[in-house]
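Notes for the one structure printed next.
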Amino acid sequence: MSDTLTLKGLWSGSFRYDASDDLGGYPFKAKMVARQGALSGLVIEPHLLGTGEVKADIEGVIEGSELRFEKRYRSDLEDYGRVVHYEGHIAPDGRRITGTWRHSENRGIFEMSLTA
């Protein structure tokens, strides 16, 4: 799988908390670029503690069809000060990613699809 097929572009996805099924899925948008096994990008998602949106930078690695990355929010709010760790699997066509996320207090699942 080449970097051209994997991840470069605009993505739409959602994440869910394992701790409570009734929380539902939270949508997000991402723009990612993959070069020589390195992954970087930007995530925009609804502000879970207020109104508007929050942004986060992502940095990680791709190894075959697997990826790992860290998400660091661009916010001074204490609840957004943690690093979120992601692990996922890239579908064979390079247009879908599914996996898990975690930080010190919570964990859950995520999925995302290439939109452009």
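Is the range 51-72 home to any residue that is free of Cβ contacts under 8 Å to residues at least 60 places away in the same chain and over 22 Å from Leu114 (Cα atoms)? First the steps, then the outcome.
Start the filter on the range 51-72 by keeping residues that are free of Cβ contacts under 8 Å to residues at least 60 places away in the same chain, which leaves 51-63, 66, 68-72.
Of the ones still in play, those that are also over 22 Å from Leu114 (Cα atoms) are 51-52.
Checked against the condition, which is being free of Cβ contacts under 8 Å to residues at least 60 places away in the same chain and over 22 Å from Leu114 (Cα atoms), the range 51-72 yields at least one hit.
Sort out which residues of the range 34-92 are basic (Lys, Arg) and either surrounded by 13 or more Cβ atoms within 10 Å (Cβ to Cβ) or part of a strand (DSSP E or B) (or both), and write them in order of number.
Arg35, Lys55, Arg68, Lys71, Arg72, Arg82
Which ones in the range 1-33 are within 16 Å of Ile109 (Cβ to Cβ), modelled with pLDDT of 85 or more and open to solvent by 70 Å² or more (accessible area, probe 1.4 Å)?
Hits for the range 1-33 are Arg16, Asp18, Pro27.
Would you mind stating whether Gly41 is farther than 15 Å from Ser14 by Cβ, under 12 Å from the mean Cα position of the chain (by Cα) and modelled with pLDDT of 95 or more?
Yes, satisfied.
The values are calculated or read from the model by the stated rules, or taken from the named source; none is laboratory data. Fair warning: this is a prediction, and the values are worked out from it, not measured in the lab. We place every Cβ from the backbone using ideal geometry, glycine too, and count neighbours over all the protein chains shown. Protein only, heavy atoms only, side chains kept; ligands, DNA and RNA dropped before computing areas. Shrake-Rupley method; radii C 1.70, N 1.55, O 1.52, S 1.80 Å.
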